[in-house]
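Enquirer: Provided herewith is a single structure, encoded as structure tokens, for subsequent inquiry.
The values are calculated or read from the model by the stated rules, or taken from the named source; none is laboratory data. Quantities reported herein were computed from a predicted structural model and do not represent experimental measurements. With ideal geometry, Cβ positions are generated from the backbone for all residues, glycine too; neighbour counts draw on all protein chains shown. In case anyone asks, the SASA skips ligands and DNA or RNA and just uses the protein heavy atoms, side chains included. Shrake-Rupley method; radii C 1.70, N 1.55, O 1.52, S 1.80 Å.
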Amino acid sequence: MSFTTISVVGLGYIGLPTAAAFASRQKQVVGVDINQHAVDTINRGEIHIVEPDLDKVVKTAVEGGFLKASTTPVEADAYLIAVPTPFKGDHEPDMAYVEAAAKAIAPVLKRGALVILESTSPVGATEQVAAWLAESRPDLTFPQQAGEQADINVAYCPERVLPGQVMVELIKNDRVIGGMTPVCSARASELYNIFLEGECVVTNSRTAEMCKLTENSFRDVNIAFANELSLICADQGINVWELIRLANRHPRVNILQPGPGVGGHCIAVDPWFIVAQNPDQARLIRTAREVNDGKPHWVMNQVKATVADCLAQSGKRASELKIACFGLAFKPNIDDLRESPAMEIAQRVAQWHAGETLVVEPNIHSLPKALAGHCQLVTIDEALATADVLVLLVDHSPFRAIDGEAVRQQYIVDTKGVWR
Ligand code: SAJ
């Protein structure tokens, strides 16, 4: 059976681009989301998230009649579940959205359908999804009992796209395909090959689940190494960026860059899924998380020390001093402020500082609620002209382009090594 109708459950940063990619290959796609605003926006041919080029693809797909959104699940040949998997309690994965999605599609499942879990998940989650489906549909057979002969095929296929480059990476990246049986993997590969230019690399569901967690943990551990070096170098009076540049000239060394901490919705979350399931073994992965999560606190102490120096040298009162924070986003050249260490630091500065806190963030037009009323959003030039202390939190291109001559301030906390 080929795939004519595809349903994507969860129309966020992954689900919507994926739905649009299938629709752009002229498949009939229904996106399902509990958020009525998202559904209405998409049905107008517009988008509710920021991602380069996604708007055009969605508009064309909706206008061509290939993509529509709904709050209720529909019958389809294939389902992709791309809902959030945040953590709860002591960093344990919260599978409530996945469970709700599985239970929502169960009533409309028809014999021969393929169900794919894409959400970042702990090992065993795909088997759990199959168990939830089986519970709701005793009239159908699933891979856990029927193996290759099952009525419904189930697979785990993680996304690995980089926010900001989703529309390119979705098509070009290789895809790990973790079927519960070889037949499930073959069906899932067939589905992704509708738009994929990268390769489908087949494994089982548990390995695929662990693979996604491993990729982001690898990056987190490497960033933690860089962040730990930045703390050591500050104590030793060594420029950490020069150090890393020099060490990376070794043919087998490739250290990532330190910063104000690790943000976003993936790298700061996914390693905890491994820790939660393997608390005794995952010592390095846990420590890396703690190092990266501790970095905003260390930066804040740097800000306090720099302000103390400035007060002592200038003779000004704290209330007369202006601090300018450069950048709020969780990484350069995007407008995404969620889970951003820069946001956390700017908030802490604004709460702590008796004088004015200025914020420069060229990618937004107004301050988020958490900062509005406590800070002023200003341009680069205004901040450079009036601030006493500069705190660089994100290496946005316009900040990198600032001519060193234009920076007259001597009190600078530079978490990205831009104005070194
Ligand atoms: N960061 C550093 N130093 C670096 C690189 C990054 O401090 O050298 C920080 C960034 O500033 C940011 C955080 O890490 O705060 C995460 O940024 P990122 O660009 O490393 O990753 P994300 O969260 O945008 O996307 C990651 C990607 N995973 C990997 O590169 C292994 C992406 O491919 C995944 O699809 C995505 O997570 C996801 O959805 O899981």
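Enquirer: Which pairs turn up if I take residues in the stretch 183-199 that are under 15 Å from PHE22 (Cβ atoms) and look for partners that are crowded, with 16+ Cβ neighbours inside 10 Å and among the small types (Gly, Ala, Ser) with beta carbon separation below 6 Å, at least 6 apart in sequence or on another chain?
Expert: ALA188/ALA155; ALA188/GLY179; LEU191/ALA78; PHE195/ALA21
Enquirer: Considering only residues of the stretch 148-170 that are open to solvent by 20 Å² or more (accessible area, probe 1.4 Å) and more than 21 Å from ILE334 (Cα to Cα), which is farthest from the ligand (Cβ to nearest atom)?
Expert: GLN149
Enquirer: Can I ask one more? Among what's in the stretch 200-249 and is open to solvent by 70 Å² or more (accessible area, probe 1.4 Å) and acidic (Asp, Glu), pick the residue that is nearest to the ligand (Cβ to nearest atom).
Expert: The qualifying residue nearest to the ligand (Cβ to nearest atom) is GLU228.
Enquirer: Additional query: Looking for something free of Cβ contacts under 8 Å to residues at least 60 places away in the same chain, touching a His at 6+ places or on another chain (Cβ under 7 Å) and under 30 Å from ASP270 (Cα atoms) - is there at least one such residue anywhere in the stretch 322-330? So that I can check it myself, show each step before the final result.
Expert: Of the residues in the stretch 322-330, the ones free of Cβ contacts under 8 Å to residues at least 60 places away in the same chain are none.
Among the residues of the stretch 322-330, not one is free of Cβ contacts under 8 Å to residues at least 60 places away in the same chain, touching a His at 6+ places or on another chain (Cβ under 7 Å) and under 30 Å from ASP270 (Cα atoms), which makes the answer no.
Enquirer: Just to be sure, is SER397 crowded, with 20+ Cβ neighbours inside 10 Å, within 16 Å of the ligand (Cβ to nearest atom) and closer than 25 Å to TYR13 by Cβ? Even if it seems obvious, please write down each step before you answer.
Expert: Working: crowded, with 20+ Cβ neighbours inside 10 Å: no; within 16 Å of the ligand (Cβ to nearest atom): yes; closer than 25 Å to TYR13 by Cβ: yes.
For SER397, the condition - crowded, with 20+ Cβ neighbours inside 10 Å, within 16 Å of the ligand (Cβ to nearest atom) and closer than 25 Å to TYR13 by Cβ - is not met.
Enquirer: Sticking with this one: Could you count how many residues in the stretch 258-297 are touching a helix residue (DSSP H, G or I) at 6+ places or on another chain (Cβ under 6 Å) and open to solvent by 60 Å² or more (accessible area, probe 1.4 Å)?
Expert: Residues meeting the conditions: 1.
Enquirer: Those residues that are touching a residue at least 12 places away in the same chain (Cβ under 8 Å) and either more than 16 Å from the ligand (Cβ to nearest atom) or over 22 Å from VAL299 (Cα atoms) (or both), I need them from the stretch 267-280; list them, please. Talk me through it step by step, then tell me what you get.
Expert: Taking the stretch 267-280 first, the residues touching a residue at least 12 places away in the same chain (Cβ under 8 Å) are 267-277.
Listed by number, the residues that qualify are ASP270, PRO271, TRP272, PHE273, ILE274, VAL275, ALA276, GLN277.
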